Amino acid sequence: MARYTGAVCRQCRREGEKLFLKGDRCYTDKCAMVRRPYAPGQHGQRRKKMSEYGIQLREKQKARRYYGVLESQFRKYFKMANRKKGVTGENLLQVLESRLDNVVCRFGLANSRPEARQLVKHGHFLVNGKKVDIPSYLVKANDVISIKEKSKNSAKFKELAELAASKNIPGFLEFDKTSLEGKVLGVCDREDVGLELEEHLIVELYSK
């Protein structure tokens, strides 16, 4: 499947805020949004007045880049959210938050979502005792996510275990920092989403 392979810091600069795509680096002075807090490109420092469509598009692109999904995937998630009962925008965020790579990152078992995606692809995680190597796999309530026993002893996961110990876990997840095993309690609440987003603008964009 196609995947964005360019400089990820350009994505944050394009959206005008930190999307935390490079883990710990995003919290330091080396962060591109600290050093160059304007859009990339020759005309990045010019102020542009955006149309209604442009504002809606930027919100959609921000969400896409934050969760690391392609346009076709994102549209599929929107259709899923639109079919469910409730508020479509909140349903969309619940679907995105239930991706396995996002949940792994939320547990603190990866420094960023791109790293979580890579670790899942390499087969380091189990869902209900079975290996799952699909980052877009959607977890459900009562699913248990754990690390393969062989992987737990690696230097990488010993380092990540220290990270997980200091991580704040959102309310829809439960994580045992001793066994490094997590459980999905249900769907996420709107306040659990770590991104400042006006999801109703995405709904308006796709509803045209």
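The values are calculated or read from the model by the stated rules, or taken from the named source; none is laboratory data. Remember, predicted model here, so these are calculated numbers, not experimental data. All Cβ positions, glycine included, derive from the backbone under ideal geometry; neighbour counts span all protein chains shown.
For Asp189, indicate whether it is closer than 19 Å to Ala116 by Cβ and without any contact (Cβ under 8 Å) to a residue 40 or more places away in the chain. Judged against the criteria, Asp189 is not a match.
Out of Asp101, Asp192, Asp133, Asp143, one residue alone is at pLDDT 90 or above and under 28 Å from Leu205 (Cα atoms). It is Asp101.
The one condition from (1) exposed (fewer than 15 other Cβ atoms within 10 Å of the Cβ); (2) over 18 Å from the mean Cα position of the chain (by Cα) that Ser151 does not meet is (1).
From the set of residues in the range 111-140 that are of a type in the set (Gly, Ala, Ser) and in contact (Cβ under 8 Å) with a residue 60 or more places away in the chain, which is nearest to Ser151 (Cα to Cα)? Going through the qualifying residues, I end up with Ser112.
Of the residues contained in the range 158-171, none is found to be in contact (Cβ under 8 Å) with a residue 60 or more places away in the chain and closer than 20 Å to Phe78 by Cβ.
Of the residues examined, Gly108 is not one that is in the same structural domain as Tyr66 (by TED's automatic domain parsing), in contact (Cβ under 8 Å) with a residue 60 or more places away in the chain and surrounded by 14 or more Cβ atoms within 10 Å (Cβ to Cβ). Count of the range 99-110 residues, restricted to those that are outside any helix (DSSP H, G or I) and in contact with a Phe, Trp or Tyr (Cβ under 9 Å, 6 or more places away or on another chain), is 3.
If you go through the range 173-208 and keep only what is of a type in the set (Asp, Glu), within 20 Å of Asp143 (Cα to Cα) and within 17 Å of the chain's Cα centre (by Cα), you end up with Asp189, Asp192.
Within the range 61-90, being more than 14 Å from Tyr206 (Cα to Cα) and either buried (at least 21 other Cβ atoms within 10 Å of the Cβ) or in contact (Cβ under 8 Å) with a residue 12 or more places away in the chain (or both) holds for Lys62, Arg65, Tyr66, Tyr67, Gly68, Val69, Leu70, Glu90. Being within 19 Å of Phe172 (Cβ to Cβ), in contact with a helix residue (DSSP H, G or I) (Cβ under 8 Å, 6 or more places away or on another chain) and at pLDDT 90 or above: is that true of Phe74 here? The answer is no for Phe74.
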